Amino acid sequence: MAPDSREPGAYAPSLLRGLPWILAALLMVPSLVWIYRDAGVWSFDPAWYGETSVELWYALAHNTGEWPEAMLSAFHTKAPGVAWLGQFFVPIGQSIGSIEVGLLLSVILCHLATLVLTWRFLREWIPDQLWVAVFATVATASAPLFVALSHYFLTEALQLTATTWLFWLAAAAPRMSRARQTAHLVLALSVAMLAKASSPLYFLPPLLLVLHSWIQARGWASAEDRRARLAALLVLGAMVLGAALAWYVANLKEVSAFVRAAALSETYGHAGPLQAKLLYWLRALRSNFFYPWAAAGLAVVISSGLGMRFATRARPGQATSLKYRPALAAACLLQIVMVLLAFSLNVNEDNRYLLPVLPGVVGLFGWGLANTRSRVLAIAAVSLMAVQLARVHAQALGMTERDPRIAYWLWPYQSSSAQSAELRRIIRLANEGDAADRYAIVGVDLSWLNANSLAFLAAQEKLRAHERSYFTSLGYMAADADAAWSRMQSLRTEYFVTLVAERLPPPDAFNQVSGPILERVAGDPCFESEDFASNLGIVVYHRICEWAPAQ
């Protein structure tokens, strides 16, 4: 049977069809251990995404009529996919006693799907070499950034899944009917855009191959299509596409402004010459996906294998007759080049944006490995990635010291729940009495003490008590103390949460007015210090006077 006529999973005996799921599940076990052991406080973006997920679930469960509007207004500036998916994991979190764990299970699900899609991508592309698919799957699972971001409730996991889906579709499309291509294409693109507005940068190269296959397809459907499954995929795709379009139409202005600001903001990077920025991102690519020794080892394995083939004058036609092999390799390379150039022309240097490049990187390495036509070298490459996998998880689980040569997002879990416990006490204090529309200002921005973290915990409390107080900051990167005070006045702030003066951080971009506002609150007779015993230096002030009308 010709390779392009095979059904998914028909590359091996049926007993092997479950292998990618088994392998993917085993590879994700260490991340599950990390998640269950971590007791740290969620910060900033993860906390914001978590808060929105909880609020969406609460609306669906208790105010169903308001849920569609809540879905369309989620975030406004950022694509809502992470919270749209995450809301359905909130009840799982409730049932196991941790909303955080429940939400992170959605990230684990995305990573699990990514690993299976990576396997299928390489099996479609190179069906005669099982070990190449094993290599690509283990290489993906062992990438330091992949492991690190399995511990955070962020958007990149869903974006990676959608991008890998497009790469698999690019490989599988030539054997599909136009109807099946359409169903998968609509779903994958909709999920990608719901994950993040920047997704076209990552999926454009494989998309071009899919569109070529779509044009070349003979007819709309084929006798091999499973009509019920195809109909379900088409209906689901239409629904997800409609929801994505509705959200973008409702929030297009805000999204466009945010994308421009994020690309040019010097808060998370700096401008520089193209050559210097490109060198930075090349180094970041290596450090986020490989240890130095792992990258060097792969280069030696593949280059030596290709050299031996060249020296023995092996004919290329003996390897395989898959016509899309060079085109898919070109798509992998083009994705990497496009992303690195785009990043080098922008200011932002947040390394987590590299994650969706992973299918292009492992695909290119897998293609090179396949061309060696050596099972021994493929097994050697798998072994190298298995060692990297063990080393990365050993660092994440605190068994080894942090290695500065790999992803800076990779941190060991936090075993102490002291910070979380004190923040939950603040929630209970702020909720005393009638909590409706009650605002508290958090006067400091630290990874464990900030408005987003407390707002997420307040949303969780709403699930139990059906009421909540609201937490916000003095203003994003507030630099004007008078403006920050006016913000407190306009919100009629009832509580002010911060640290005692001696524990405040030195002034930085996020804490420029923390000290002056604390001094003003402490000296204001209308603010009274609460009896809040804290080992971490937290102090809570309660407003005992009515605020004067804002000018």
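I need a count of the residues in region 374-409 that are outside any helix (DSSP H, G or I) and under 18 Å from TYR36 (Cβ atoms).
3
Going through region 204-240 one residue at a time, which ones are exposed (fewer than 11 other Cβ atoms within 10 Å of the Cβ) and closer than 30 Å to ALA330 by Cα?
If the condition is that a residue be exposed (fewer than 11 other Cβ atoms within 10 Å of the Cβ) and closer than 30 Å to ALA330 by Cα, then ILE215, GLN216, ARG218, GLY219 are the ones that fit.
Among (1) more than 22 Å from GLN159 (Cα to Cα); (2) at pLDDT 95 or above; (3) surrounded by fewer than 18 Cβ atoms within 10 Å (Cβ to Cβ), where does GLU55 come up short?
Just one mismatch for GLU55, condition (3).
Within region 472-506, which residues are under 20 Å from ALA533 (Cα atoms), without any contact (Cβ under 8 Å) to a residue 40 or more places away in the chain and in contact with a strand residue (DSSP E or B) (Cβ under 8 Å, 6 or more places away or on another chain)?
VAL500
Does ALA113 satisfy the condition of being at pLDDT below 95, surrounded by fewer than 24 Cβ atoms within 10 Å (Cβ to Cβ) and hydrophobic (A, V, I, L, M, F, W, C)?
So ALA113 does not fit the description; no.
Within region 229-259, which residues are under 15 Å from HIS76 (Cβ atoms), free of Cβ contacts under 8 Å to residues at least 24 places away in the same chain and not aliphatic (A, V, I, L, M)?
If the condition is that a residue be under 15 Å from HIS76 (Cβ atoms), free of Cβ contacts under 8 Å to residues at least 24 places away in the same chain and not aliphatic (A, V, I, L, M), then LYS253, SER256 are the ones that fit.
So which residues in region 476-489 are surrounded by fewer than 16 Cβ atoms within 10 Å (Cβ to Cβ), of a type in the set (A, V, I, L, M, F, W, C) and part of a helix (DSSP H, G or I)?
Answer for region 476-489, where residues must be surrounded by fewer than 16 Cβ atoms within 10 Å (Cβ to Cβ), of a type in the set (A, V, I, L, M, F, W, C) and part of a helix (DSSP H, G or I): just ALA483.
Go through region 266-294 and report how many residues are surrounded by 14 or more Cβ atoms within 10 Å (Cβ to Cβ) and not hydrophobic (A, V, I, L, M, F, W, C).
Residues that pass the stated criteria total 9.
Give me the pairs: first residue in region 268-289 and over 17 Å from PHE146 (Cα atoms), second residue assigned to a loop (DSSP other than H, G, I, E, B) and β-branched (Val, Ile, Thr), beta-carbon distance under 6 Å, and six or more apart or on different chains, which are they?
GLY269/VAL347; ALA271/VAL347
Given the criterion surrounded by fewer than 21 Cβ atoms within 10 Å (Cβ to Cβ), under 29 Å from ALA380 (Cα atoms) and either touching a strand residue (DSSP E or B) at 6+ places or on another chain (Cβ under 6 Å) or assigned by TED's automatic domain parsing to the domain that holds PHE289 (or both), identify the matching residue among LEU130, LEU154, LEU169.
Unique residue meeting the criteria: LEU130.
Would you be able to tell me the number of residues in region 148-165 that are part of a helix (DSSP H, G or I) and closer than 14 Å to LEU194 by Cβ?
9
Anything in region 29-39 that is buried (at least 18 other Cβ atoms within 10 Å of the Cβ) and in a helix (DSSP H, G or I)? List them, or say none.
Result: PRO30, SER31, TRP34, ILE35.
Just to check your reading of the model, which residue among ARG391, ARG373 is crowded, with 18+ Cβ neighbours inside 10 Å and at positive phi?
Going through ARG391, ARG373 in turn, just one is crowded, with 18+ Cβ neighbours inside 10 Å and at positive phi: ARG373.
Filter region 74-105 for residues that are among the β-branched types (Val, Ile, Thr) and crowded, with 24+ Cβ neighbours inside 10 Å; which is nearest to TRP48 (Cα to Cα)?
Looking at the filtered set, the residue picked out is VAL82.
If you check PRO205 against the conditions, is it at pLDDT below 95 and touching a helix residue (DSSP H, G or I) at 6+ places or on another chain (Cβ under 9 Å)?
So PRO205 fails the test.
The values are calculated or read from the model by the stated rules, or taken from the named source; none is laboratory data. Note that the coordinates shown come from a computational prediction; the quantities given were computed from them, not determined experimentally. Every residue, glycine among them, receives a Cβ derived from its backbone with ideal geometry; neighbour counts consider all protein chains shown.
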